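Asker: Dumping the structure here so I can ask a few things about it.
The values are calculated or read from the model by the stated rules, or taken from the named source; none is laboratory data. Note that this is a predicted model, so its numbers are computed, not measured. So basically every Cβ, Gly included, is an ideal-geometry build from the backbone, and we count neighbours across all protein chains shown. Calculation scope for accessible area: heavy atoms of the full protein, side chains included, ligands and nucleic acids excluded. Shrake-Rupley method; radii C 1.70, N 1.55, O 1.52, S 1.80 Å.
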Amino acid sequence: SFELLLQNWDGKYSPNGSIPLAVGMDGHIDIGRGTNVPQIITCRIESIRFESSPTENYVRVAGRCWGEKLFRRVFTGTFVNQKGENIVKYLLDYVGLGHTRNGQELVEETDTTYTFLEYENTPVWDIIQYIAESADKEGVIGFDFRVAPDGQFDFFAKNSKTSSVSLSEKVEVCEYRKDISRIRNRII
């Protein structure tokens, strides 16, 4: 999830502004200035709050990365004699996450065929994580996955990719926390 505090000069982000923001909009977050600005995440806006004082105007925008679809959706069904990559692709289509970039499939093939997997109201995240931990490719067990900054899902052999984004000297203050829980209506 993300929360940003933006200066709302001349009502730029207001409903009648030059770049109006609204709940439900898809977008992305970039860090830096200039021509080579790395995109960090593709996201959806879930709340907007305008804050004003006599001399300043701000807008607080919050939402979630597209990857949150993996946590929110549950799956009930059975996979019989399916290869790992076919299960992953099916689940990605089920939650609505893309897995191709410029016509190239981003879910790499596995050598593992699952004879019988049955799920009832199981989070999609848990199923994909199981496939990633148990599938093999050429005798090596383990895959990694991520929702890339462009919103596409990558599924690849462990340690075969690194991030092209470097945040050194771009971030002055940062707070990181990892909270993957399925508890709703929780207040922090």
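Asker: Could you go through the range 44-58 and let me know if any residue there is closer than 21 Å to LEU5 by Cβ and among the basic types (Lys, Arg).
Answerer: yes
Asker: Sticking with this one: Would you mention how many residues in the range 20-41 are in a loop (DSSP other than H, G, I, E, B), β-branched (Val, Ile, Thr) and within 17 Å of GLU3 (Cα to Cα)?
Answerer: 2
Asker: Turning to a different aspect of this structure: Restricting attention to the range 122-153, report how many residues are within 21 Å of the chain's Cα centre (by Cα), surrounded by fewer than 17 Cβ atoms within 10 Å (Cβ to Cβ) and not basic (Lys, Arg).
Answerer: Within the range 122-153, residues that are within 21 Å of the chain's Cα centre (by Cα), surrounded by fewer than 17 Cβ atoms within 10 Å (Cβ to Cβ) and not basic (Lys, Arg) number 8.
Asker: Now for a different question. Quick test for you: out of ASP144, ASP111, ASP93, pick the one residue that is part of a loop (DSSP other than H, G, I, E, B) and either modelled with pLDDT of 90 or more or of a type in the set (S, T, N, Q) (or both).
Answerer: Unique residue meeting the criteria: ASP111.
Asker: Could you tell me which residue of the range 47-71 is nearest to LYS12 (Cα to Cα), considering only residues that are part of a strand (DSSP E or B) and open to solvent by 70 Å² or more (accessible area, probe 1.4 Å)?
Answerer: For the range 47-71, the residue satisfying everything is ASN57.
Asker: Tell me which residues, restricted to the range 1-19, are surrounded by 13 or more Cβ atoms within 10 Å (Cβ to Cβ) and assigned to a loop (DSSP other than H, G, I, E, B).
Answerer: Selection gives ASN8, LYS12, TYR13, SER14, GLY17.
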